[in-house]
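Some notes on the structure that comes next.
The values are calculated or read from the model by the stated rules, or taken from the named source; none is laboratory data. Everything numeric in this text was worked out from a predicted model, so none of it was measured. Because the Cβ atoms are built from the backbone with ideal geometry, glycine has one as well, and the counts that use them run over all protein chains shown.
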Number of protein chains: 2
Amino acid sequence: MFAAIRELGIELSPSLLEGSQALFAPFAPRPTPQSCLVERDMAYGPEARQRLDVFHPPGAGAGQRPVLAFVHGGGFVRGDKGAPEAPFYNNVGTWAVQNGLIGVTLTYRLAPGARWPAGAEDVALALEWLAGNVARFGGNPHRLLLIGQSAGAVHVAGCVAGHHRRRSVPVISGAIMLSGVYDLLSLQHSQFEEAYFGSDRARFAEASTLEALTRTDVPCLFTVSELDPVNFQQQAARLLEATWAAKRVWPRLLYQQGHNHITPILQLGTSWDTLGGELLAFIGRVV
Amino acid sequence: MFAAIRELGIELSPSLLEGSQALFAPFAPRPTPQSCLVERDMAYGPEARQRLDVFHPPGAGAGQRPVLAFVHGGGFVRGDKGAPEAPFYNNVGTWAVQNGLIGVTLTYRLAPGARWPAGAEDVALALEWLAGNVARFGGNPHRLLLIGQSAGAVHVAGCVAGHHRRRSVPVISGAIMLSGVYDLLSLQHSQFEEAYFGSDRARFAEASTLEALTRTDVPCLFTVSELDPVNFQQQAARLLEATWAAKRVWPRLLYQQGHNHITPILQLGTSWDTLGGELLAFIGRVV
């Protein structure tokens, strides 16, 4: 498996994205009526992309499970939580339920139609919805966690940094950011960053989350992949540098050996999984 | 288990060292006549501490297994490969054999009697011995790997950097360094560094391995632990910084969530093991 991942290279080409999904699709855990039910496409806001799926065990009513909400990637301009029959990201919700959590996958408005901080605002709005509604699926509204990948990690970071302009967002118990971008000032911007953040350099400091991530009280966990493109590796290096300068301690930053930009989340719940145990260890400590 | 590790703190006190060993000792894999034999205390040099144990499967003769040689820690001034009945580091040799390797544990001369670069020289001498002798235990003399922890990682790094003054040391296939020290110039020295490296600052640049580690052709894998003392976390940060500056890529640097300075090696082969799979992935790629 890891030799096959390596053959796909590091550039985020269609062949890497599709090839990575093809590798793990046959092994992705899927919801089943016996152990994992899914309530799909619930509206957490008025926009068409403000939708989320809740993965929960049958008959749960105690409302004590921690809630893990996944924010997909896609360069700010595409991506989805996945249709009912899609392996991804039904794997994330199913894995969550298999491991004692309530799983949530959500979509958000896309750039360039919806620009910064629309992503953080949508994630915050979804948190509000979960705080008010997740108990009926067995979730604890006071134990909400976010996990985002790539652009999704950027939106999670934006939410942690308070870039949403909402007053009363629920306090989250933890934030997990996989191969994200945190420092727009040092980043070499691609068309994807331009679509979401625009090209006005004066905004980049304001839109960066790096400093806030070193100061937040929210427990954070990060990953960087061995086969991440250089920009994402650079961002993780900046994260270490800024965290070290501020606190003289390493960020919780897991190096995903043998993985590319997207495989850490695709592998979740498969027999190759190098991340799930670490996520559970983190979640177990912070909830 | 991880809650118990956390309770031991981060300072390298006797209670942390003994407490960590007590936690994992009942679960440490041990050699058995059925699956893992040990040839003990073979002399790789004339000094009393130049001894090694070879862990090998019964009846092996093909000589094709990669060889993983473990170099213990102990602040340069103490430590041991472990007596026959000791859980540590018989666990390392046993785990190696269970996973298709030949395991080796070795001792080396200690400071202050034997100062820099005596550790690297002893490791190099042990490699020479293995190159000449390991085939009879089923090991491939052209597939030698080193793994060191703490001071042992320093000696492994010194060996990679060529600080031994030997001419013809076998080329190794990989080097694994757990919570080591690489940059003596930025390190706040303790009595342990002084015992081995002395207090002559002019020597610190020469004795540092940081730059060599960013340039070597030997594949390297590193760890830093969440509960490592600040000096070791600082050294890992320096390793990232120097590697990034030299190569614009992350070092293979595994963050050991929930672990202290010594538990990553103590856990090897137990049901909590967060490191063994990563070691095998690394070894599988480089041999």
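Quick look at the values:
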{"quantity": "Unmet requirement for residue A:224, which otherwise passes all of (1) assigned to a helix (DSSP H, G or I); (2) within 7 Å of chain B (Cβ to nearest Cβ); (3) in contact with a strand residue (DSSP E or B) (Cβ under 8 Å, 6 or more places away or on another chain)", "calculated": "(1)"}
{"quantity": "Subset of the stretch A:188-201 (residues that are within 14 Å of chain B (Cβ to nearest Cβ) and free of Cβ contacts under 8 Å to residues at least 12 places away in the same chain)", "calculated": "none"}
{"quantity": "Single match in B:221, B:178 (criterion: touching a Lys or Arg at 6+ places or on another chain (Cβ under 6 Å), under 24 Å from residue B:129 (Cα atoms), at pLDDT 95 or above and crowded, with 20+ Cβ neighbours inside 10 Å)", "calculated": "B:221"}
{"quantity": "Among (1) basic (Lys, Arg); (2) part of a loop (DSSP other than H, G, I, E, B); (3) touching a residue at least 40 places away in the same chain (Cβ under 8 Å) - the single one residue A:143 does not satisfy", "calculated": "(2)"}
{"quantity": "Among residues of the stretch B:4-38, those that are assigned to a helix (DSSP H, G or I), over 27 Å from residue B:103 (Cβ atoms) and in contact with a strand residue (DSSP E or B) (Cβ under 9 Å, 6 or more places away or on another chain), counted", "calculated": "1"}
{"quantity": "Some residue of the stretch B:56-70 being modelled with pLDDT of 95 or more and on the phi > 0 side of the Ramachandran plot", "calculated": "no"}
{"quantity": "The stretch A:89-110, residues that are of a type outside the set (Ser, Thr, Tyr) and buried (at least 23 other Cβ atoms within 10 Å of the Cβ)", "calculated": "A:90, A:91, A:92, A:93, A:95, A:96, A:97, A:101, A:102, A:103, A:104, A:106"}
{"quantity": "Residue among A:43, A:28, A:83 that alone is surrounded by fewer than 15 Cβ atoms within 10 Å (Cβ to Cβ) and under 18 Å from the mean Cα position of the chain (by Cα)", "calculated": "A:83"}
{"quantity": "Residue A:103 out of contact with any Lys or Arg (no Cβ under 6 Å at 6 or more places or on another chain) and part of a helix (DSSP H, G or I)", "calculated": "no"}
{"quantity": "Residue within the stretch B:202-211 that is more than 14 Å from chain A (Cβ to nearest Cβ), over 21 Å from residue B:147 (Cβ atoms) and among the basic types (Lys, Arg) present", "calculated": "yes"}
{"quantity": "Residue identified as touching a Lys or Arg at 6+ places or on another chain (Cβ under 9 Å) and part of a strand (DSSP E or B) among A:54, A:97", "calculated": "A:54"}
{"quantity": "Condition met for residue A:92 (β-branched (Val, Ile, Thr), in contact (Cβ under 8 Å) with a residue 12 or more places away in the chain and assigned to a helix (DSSP H, G or I))", "calculated": "yes"}
{"quantity": "Some residue of the stretch B:247-254 being part of a loop (DSSP other than H, G, I, E, B), within 14 Å of another protein chain (Cβ to nearest Cβ) and basic (Lys, Arg)", "calculated": "yes"}
{"quantity": "Filter pass, residue B:185 being away from chain A (no Cβ under 14 Å) and touching a helix residue (DSSP H, G or I) at 6+ places or on another chain (Cβ under 9 Å)", "calculated": "yes"}
{"quantity": "Qualifying positions in the stretch A:258-273 - surrounded by fewer than 21 Cβ atoms within 10 Å (Cβ to Cβ) and either at the interface with chain B (Cβ under 8 Å from one of its Cβ atoms) or among the charged types (D, E, K, R) (or both)", "calculated": "A:273"}
{"quantity": "Residue within the stretch B:188-207 that is modelled with pLDDT under 95, closer than 22 Å to residue B:105 by Cβ and of a type in the set (D, E, K, R) present", "calculated": "no"}
{"quantity": "Residues within the stretch B:274-287 that are part of a helix (DSSP H, G or I) and either surrounded by 21 or more Cβ atoms within 10 Å (Cβ to Cβ) or at the interface with chain A (Cβ under 10 Å from one of its Cβ atoms) (or both), tallied", "calculated": "8"}
{"quantity": "Pick from the stretch A:228-239, criterion at the interface with chain B (Cβ under 10 Å from one of its Cβ atoms) and among the aliphatic types (A, V, I, L, M), ranking: surrounded by the fewest Cβ atoms within 10 Å (Cβ to Cβ)", "calculated": "A:230"}
{"quantity": "Index of the failed condition, residue B:206 passing every other in (1) under 30 Å from residue B:4 (Cβ atoms); (2) charged (D, E, K, R); (3) out of contact with any Leu (no Cβ under 7 Å at 6 or more places or on another chain)", "calculated": "(1)"}
{"quantity": "Residue within the stretch A:234-245 that is polar (S, T, N, Q), on the phi < 0 side of the Ramachandran plot and in contact with a Gly (Cβ under 8 Å, 6 or more places away or on another chain) present", "calculated": "yes"}
